[in-house]
Amino acid sequence: HYTDYTPAIWDAAEKICTLYIDTGHAGPGSSWAKDQVEGNAFHYMKIESEKHYPLGSHLVFLGDQTAIGHFCALQQLAQQDTEISGFINFNDAITAAAFSENCAWLPLQPTTAYTEIHTQTDKWILDNRYKIEDCIFYLVGNAKLIVSLRKLLHTHGIGGSRIKSKGFWQ
């Protein structure tokens with residue numbers, strides 16, 4: 001299963017869904033997406049169901065750039081007083097900076113290397129150990145990254161019931 005798009009933000013009253021589409025690779029879907037302009041209408045035929053529903057007083061999002069839409073959706077579903085933090089990994093510094101500039105409403109710190117997201121997550125856990133019991137961790141993105149982040153969380157005693165994960169691709 002390969003996911004190159006993610007339903008992210010929806011307006012139920014207007015029946016409008018915002019999709020985040022990864023166009024950073026060659027392929028027919030990327031070519032089609034690059035040709036789209038604002039205001040184009042198209043019909044979305046299917047959505048894969050997910051069992052991720054944001055529970056807890058503090059949500060920690062960890063993933064790569066393919067997870068932006070997933071994290072936006074979780075943020076929209078979360079209760080208004082829910083604290084959200086975490087890290088999101090990008091392929092390069094330019095994209096990471098663009099995320100910070102254009103998605104300031106999603107309170108995640110960008111990283112540009114898998115080693116950096118691990119280091120930052122490890123430091124965050126140590127700095128926030130007093131409230132770690134209130135956290136639910138959402139790991140989304142590349143399957144190898146998800147497995148390694150899950151292992152990191154386990155080394156800190158964070159059990160599987162507090163870790164929700166979705167690996168998109170190898």
Which numbered condition THR111 fails, given (1) modelled with pLDDT of 95 or more; (2) within 18 Å of HIS154 (Cα to Cα); (3) not hydrophobic (A, V, I, L, M, F, W, C): (2)
Test LEU19 against the stated conditions and say whether it is at pLDDT below 80, of a type in the set (A, V, I, L, M, F, W, C), out of contact with any His (no Cβ under 8 Å at 6 or more places or on another chain) and surrounded by 13 or more Cβ atoms within 10 Å (Cβ to Cβ). yes
Top-ranked residue of the stretch 124-146 - restricted to ones that are assigned to a helix (DSSP H, G or I) and closer than 15 Å to ILE88 by Cα, ranked as farthest from the chain's Cα centre (by Cα): TRP124
Looking only at the stretch 40-57, decide whether some residue is surrounded by 15 or more Cβ atoms within 10 Å (Cβ to Cβ), within 17 Å of ILE146 (Cα to Cα) and modelled with pLDDT of 90 or more. no
Please specify each residue of the stretch 56-113 satisfying the condition of being among the polar types (S, T, N, Q) and in contact with a Ser or Thr (Cβ under 9 Å, 6 or more places away or on another chain). SER57, GLN65, THR66, GLN75, GLN79, THR82, ASN89, ASN91, THR95, GLN109, THR111, THR112
Applying the selection to the stretch 68-123, what residues are out of contact with any helix residue (DSSP H, G or I) (no Cβ under 9 Å at 6 or more places or on another chain) and either hydroxyl-bearing (Ser, Thr, Tyr) or touching a residue at least 60 places away in the same chain (Cβ under 8 Å) (or both)? GLY69, HIS70, PHE71, CYS72, ALA73, LEU74, GLN76, SER100, THR115, THR119
Residue selected from the stretch 147-170 under the condition of a type in the set (A, V, I, L, M, F, W, C) and within 18 Å of the chain's Cα centre (by Cα), by the criterion modelled with the lowest pLDDT: TRP169
Pull up the stretch 152-167, narrow it to residues that are part of a helix (DSSP H, G or I) and of a type in the set (Ser, Thr, Tyr), then point me to the one that is farthest from VAL140 (Cα to Cα). THR155
Scope the stretch 146-167; condition touching a strand residue (DSSP E or B) at 6+ places or on another chain (Cβ under 6 Å) and either within 13 Å of ASP64 (Cβ to Cβ) or of a type in the set (Val, Ile, Thr) (or both); matching residues: ILE146, LEU149, ILE163, SER165, LYS166
Does the stretch 59-102 hold any residues that are acidic (Asp, Glu) and modelled with pLDDT of 90 or more, and which are they? ASP64, GLU83
Do any residues in the stretch 17-35 that are under 17 Å from THR95 (Cα atoms) have Cβ atoms under 6 Å from those of residues that are part of a strand (DSSP E or B), where the two are at least six apart or on different chains, and which pairs are they? TYR20/THR6; TYR20/ALA8; ILE21/TYR5
Among the candidates GLU133, GLU83, GLU101, residue that is under 17 Å from GLY56 (Cα atoms), exposed (fewer than 14 other Cβ atoms within 10 Å of the Cβ) and among the acidic types (Asp, Glu): GLU133
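The values are calculated or read from the model by the stated rules, or taken from the named source; none is laboratory data. What you see is a predicted model, and the numbers here were worked out from it, not measured in a lab. When we count neighbours, we look across all protein chains shown, and the Cβ atoms used for this are built from the backbone with ideal geometry, even at glycine.
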